[in-house]
Amino acid sequence: MVLKRMFSRGALARERAPGSRSRRKRAKTQRFAPGNLRAPGRKFVVVTTAALPWMTGTSVNPLLRAVYLARGDDTREVTLMVPWLAKADQAIVYPRETTFETPSEQETYIRRWANERVGFEARIKITFYPGRYATDKGSIVPVGDIARRVPKGDRDVAILEEPEHLCWFHPGARWTSRFKHVVGIIHTNYLEYARREENGAQKEQVLRWINHLTTRCHTHKVIKLSDAVQDYARSITQNVHGVSNGFIEGGRAKAKAIKKEGSAAFRRGAYFIGKCIWAKGYSELLHVVGDFNEKYAKGKKGALEMDVYGDGDDFAVVKSAIAEQNLPLRLLGRLDHADPKILDYKVFVNPSLSDVVATTSAEALAMGKFVVCAEHASNAFFATFTNCRTYSNMDEFAKCMREVMTTTPKPMTDEELHRLTWDAATERLLDSAAPCGDTKYTLKSHVADWFTARFHYALVASESLRCLIGGGAGTLEPPEDLSKWDPDSWSGGLMDRKMT
């Protein structure tokens, strides 16, 4: 059945771009020669897997990327494409009393947040695609062929934020057959998450293969934010994230206060902020704080106490574990990292080993704080900053904490601050997204990509197979009206989030 679907006329028709033979030939030429991404009039579509008010990296960073891409060139057209959730899923994912009746209501919310965060009017278009919150995965799964929601005249450059995630269950033609140039940006270390689940070793190997398959099918170029993630075809490693101007200005103000007041400029000690699930650094946080206080602290005065901000699926069990281990961690719930009270903290501790690049670490550095993080590929970019301290074992962690709790961060240099900005990140993106000189589309690679795409399509174009592999029931075809959409409760497949 799978082979029949691979070579069916319908499958082949979906792969072909519509139109005459000459138009298909021209599209093929454009696909392999995308030209200068800085050329005037280019059209970018930034597609991501989450949307505000869900305060997660894949909602915030793609939004800011789109805003700064549009700001960099008045002739550049930028569209941000985000998931629309039905009311039942909104109630699970979004903060209390923050739900929307229509996509236009949510667009207004997103624009207002963006304008306040960046300090200028965001010159972007915002469109929505239907998505389901997969409770077994803790993430949003697109419904239907979302590439078809992009008008043909706008199909120039696609930036797929989390291309593997967007395309796990993508039931349509390859993104590369519809856009002149497709860039994937890898945000999340899904292998690390899979590794921590029941039967983690087996899940990790399967997911590694699936991620490689989907990104190879649907992208011309892959940007890894760090080398904490697996290898991908046609990839480059570059941190293309930045931080909002509010964090930069907060850091400049704190630098002036440090010169005037010294350590008194900070009225609070150490903190951690992040989505409250074990895999987002909470396992490591409880470990390092527990070990430090048991083996390295000299009495109660030397104990490491921290405020912890964040909520999520594991909030209750994390809170219970903190109480059971009698750890001096105050779990304070959700808080925006840009909240003024955060400026009072001197030290941001981020022991996570599952990040690809932690936006919160960049924001903390921008605000003039010490950042203490693990010596890990995800932190290679931050390790080059004056106020960052890294550790590879508990002895080094204890040494770092003693230093940062008794000294004052140095003011950030202008060069360091610029490297953290979205303006600098956008320039790094445009450099990294261009095809590499050694990226060659040989006949062998064409054939391999084609067969890979056909095999993937055969799996996900069947409702029953989608359900079996975790795509969810009712996700093959999109709803006609997003505002009136009321799908059944989510039901997953073979993959789950049972922790070991």
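Bear in mind that the values in this text are calculations on the coordinates, not laboratory data. In this text, all values refer to a predicted model and were calculated from it rather than measured experimentally. Glycine also receives a Cβ, built like all others from the backbone with ideal geometry; neighbour counts cover every protein chain displayed.
Along the charge dipole of the chain, Cβ charges K/R +1 and D/E -1, which of S491, G290, T49 sits furthest on the positive end?
Among S491, G290, T49, the one farthest towards the positive end of the dipole of the chain is T49.
Nearest 5 percent is fine: what portion of the DSSP beta bridges confined to the chain is antiparallel?
10
Could you line up D355, D481 from fewest to most neighbouring Cβ atoms inside 10 Å?
The order, fewest Cβ neighbours first, is D481, D355.
Using the count of nearby Cβ atoms within 10 Å as a rough guide to exposure, how do M394, M55, M412 rank from fewest to most? Intermediate results must be reported in sequence, preceding the final value.
Working: M394 14, M55 18, M412 23.
Ranked by crowding around the Cβ, least crowded first: M394, M55, M412.
For segment 245-420, calculate the relative contact order in percent as a whole number, restricting contacts to Cα pairs under 8 Å that are 6 or more residues apart.
27
Where in segment 56-163 are there chymotrypsin sites (Phe, Trp or Tyr not before Pro) that are in a DSSP coil and have at most 15 other Cβ atoms within 10 angstrom of their Cβ?
F120
Pick out, in residue order, every one of the GluC sites (Glu not before Pro) in segment 176-239 that is DSSP loop and has at most 13 other C-beta atoms within 10 Å; say none if there are none. Could you put the intermediate results ahead of the total?
Details: sites: E192, E197, E198, E204; in loops: E198.
In loop regions of segment 176-239 (DSSP not H, G, I, E or B), the sparsely surrounded GluC sites (Glu not before Pro) are E198.
I'd like the Karplus ³J(HN,Hα) series for segment 395-400: coefficients 6.51, -1.76, 1.60, θ = phi - 60°, whole numbers in Hz, and an x wherever there's a Gly or Pro.
4, 5, 4, 4, 4, 4
Remind me, relative contact order of the chain in percent, using alpha carbon pairs under 8 angstrom and six or more residues apart?
Working: 895 pairs, mean separation 91.7, N = 500.
So the answer I get is 18 percent.
Quick one: what are the phi-derived ³J(HN,Hα) couplings along segment 112-126, Karplus 6.51/-1.76/1.60 with θ = phi - 60°, whole Hz, x for glycine and proline?
Karplus-based 3J(HN,Hα) across segment 112-126 equals 4, 4, 4, 4, 5, 6, 9, x, 8, 6, 6, 9, 9, 9, 10 Hz.
Work out the length of the dipole vector of segment 245-420 about its Cα centre, built from +1 on the beta-carbon of each Lys and Arg and -1 on the beta-carbon of each Asp and Glu, and round it to the nearest 20 debye. Display every interim value, and only then the final one.
On the way: 24 positive and 23 negative charges, 161 e Å.
Charge dipole, segment 245-420, about its Cα centre: 780 debye, nearest 20.
Note down the Stokes-Einstein diffusion coefficient of the chain in µm²/s, whole number, using a Kirkwood radius over alpha carbon pairs, 10 °C, and 1.306 mPa s. Display every interim value, and only then the final one.
Numbers: Rh = 23.8 Å.
Here the translational diffusion coefficient equals 67 µm²/s.
For segment 344-436, what log10 I(q)/I(0) values come out of the Debye formula at q = 0.12, 0.13, 0.19, 0.24 1/Å, with one point per alpha carbon and no solvent?
Log10 I(q)/I(0), no solvent term: -0.40, -0.46, -0.89, -1.27.
Take the cross-link list K224/K399; K259/K295; K280/K369; K203/K444 and give me the ones stretching past 26 Å between alpha-carbons.
From the list (K224/K399; K259/K295; K280/K369; K203/K444), the Cα-Cα distance tops 26 Å for K224/K399; K259/K295; K203/K444.
Could you tell me how far the Cα centroid of segment 85-152 sits from the Cα centroid of segment 165-226, in Å?
Value for the Cα centre distance between the two parts: 21 Å.
Would you mind working out the magnitude of the charge dipole of segment 262-359 relative to its Cα centre, with +1 at each Lys and Arg C-beta and -1 at each Asp and Glu C-beta, to the nearest 20 Debye?
460
Dipole magnitude of the chain about its Cα centre, charges +1 at Lys/Arg Cβ and -1 at Asp/Glu Cβ only, in debye to the nearest 20?
Value, rounded to 20: 1760 debye.
Can you give the calculated 222 nm mean residue ellipticity of the chain, where each DSSP H run of n ≥ 4 adds -39,500 (n - 2.57) and the sum is split over every residue, rounded to the nearest 500 deg cm²/dmol? Present the calculation step by step, with values, prior to reporting the outcome.
Values: 18 runs with 194 residues, N = 500.
It comes out at -11500 deg cm²/dmol, rounded to the nearest 500.
Give me a comma-separated list of calculated 3J(HN,Hα) values for segment 189-198, in order, Karplus coefficients 6.51, -1.76, 1.60 applied at θ = phi - 60°, integers in Hz, x for any Gly or Pro.
Per residue, the Karplus-derived 3J(HN,Hα) values read 8, 5, 5, 5, 5, 4, 4, 8, 8, 4 Hz.
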